[in-house]
Amino acid sequence: ITAHEFRTPLTIILANSQFALRALRRRTNKLTEQVPELSEVLRPIVENLSTIVEQTHQLTNIVNSFLEVTQINRGQLALNLEEVDLAEIATQVVASNSKTSPNHYVKCCIEPSQYPYHVNGDGARLLQVLTNLVQNAIKYSPQGGPVHVSLRRFSNNEDKALIELCVEDKGMGVPKDAQPHLFERFYRASNTEGSKVRGIGLGLYLVAELLRLHSGTIRVESSGVPGEGSRFICLLP
């Protein structure tokens, strides 16, 4: 109920601040050509509006996370199943995050395969899964560094075809004692407490649950040593 009550005013704040920012940017370009001195006056206003838009986006994402968790817990989250190309999703996520994260080298490596990387799934939800994992890798690598997304096909012991999606970083890593709890609701690893990295402990829970709804799994591999990073490995049929 609280999340729903937050959603409407946040939507209004976001829509109006985005409209104001676009309008101001258009006017700023024209006005500063005519009166260059206005540039110093208008620049902080544009920056402040940009901050409002960015922070409202973050609040909206938190509210949406609460709503999605509630839907999952009640068994109300429906998937729009169709044939989805994971290679296309991986390429899209890597391209968009490369533009917005200049301090990180975000790379996609798709192993050549006789067959396409197709799964029966909800494209929007699988995009959400990979976006969350890549943005986590960036967020928990505060000093920058590489983030690798890889795809490969293989068959398990039961001769069942699987696709492995892996996101690897060289960030702070995950302590050994935290790894069994990492995909629980509201859980945050102990090594994040002293850092400036914010979170509410729902992102990886949602990732794990969305993969479960796709008959998939996720696990983490990490030494827990800062700088050696983590590998998040998803398996999908």
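Restricting segment 181-225 to residues that are among the β-branched types (V, I, T) and closer than 18 Å to F66 by Cα, the residue that is nearest to the chain's Cα centre (by Cα) is V207.
Exactly one residue out of V134, V84, V149, V93 is β-branched (V, I, T) and touching a His at 6+ places or on another chain (Cβ under 9 Å), and it is V84. Within segment 79-112, the set of residues being modelled with pLDDT under 90 and assigned to a loop (DSSP other than H, G, I, E, B) comprises S101, P102, N103.
Matching residues to (1) assigned to a loop (DSSP other than H, G, I, E, B); (2) touching a Pro at 6+ places or on another chain (Cβ under 8 Å); (3) open to solvent by less than 20 Å² (accessible area, probe 1.4 Å):
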| position | (1), (2), (3) |
| --- | --- |
| G173 | yes, yes, yes |
| P180 | no, no, no |
| G201 | yes, no, yes |
| R212 | no, no, no |
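Somewhere in segment 155-170, is a residue touching an Asp or Glu at 6+ places or on another chain (Cβ under 6 Å), modelled with pLDDT under 95, open to solvent by less than 50 Å² (accessible area, probe 1.4 Å) and under 15 Å from F232 (Cβ atoms)? No: segment 155-170 contains no residue that is touching an Asp or Glu at 6+ places or on another chain (Cβ under 6 Å), modelled with pLDDT under 95, open to solvent by less than 50 Å² (accessible area, probe 1.4 Å) and under 15 Å from F232 (Cβ atoms).
The rows are residues; the columns are (1) open to solvent by less than 40 Å² (accessible area, probe 1.4 Å); (2) more than 30 Å from L202 (Cα to Cα).
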| position | (1), (2) |
| --- | --- |
| R22 | no, yes |
| R25 | no, yes |
| K30 | no, yes |
| Q34 | no, yes |
| E54 | no, no |
| H57 | no, no |
| V63 | yes, no |
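The values are calculated or read from the model by the stated rules, or taken from the named source; none is laboratory data. In this text, all values refer to a predicted model and were calculated from it rather than measured experimentally. No Cβ is skipped: glycine too gets one built from the backbone with ideal geometry, and neighbour counts run over all protein chains shown. Quick note on the areas: whole protein, heavy atoms, side chains included, nothing else; ligands and nucleic acids left out. Shrake-Rupley method; radii C 1.70, N 1.55, O 1.52, S 1.80 Å.
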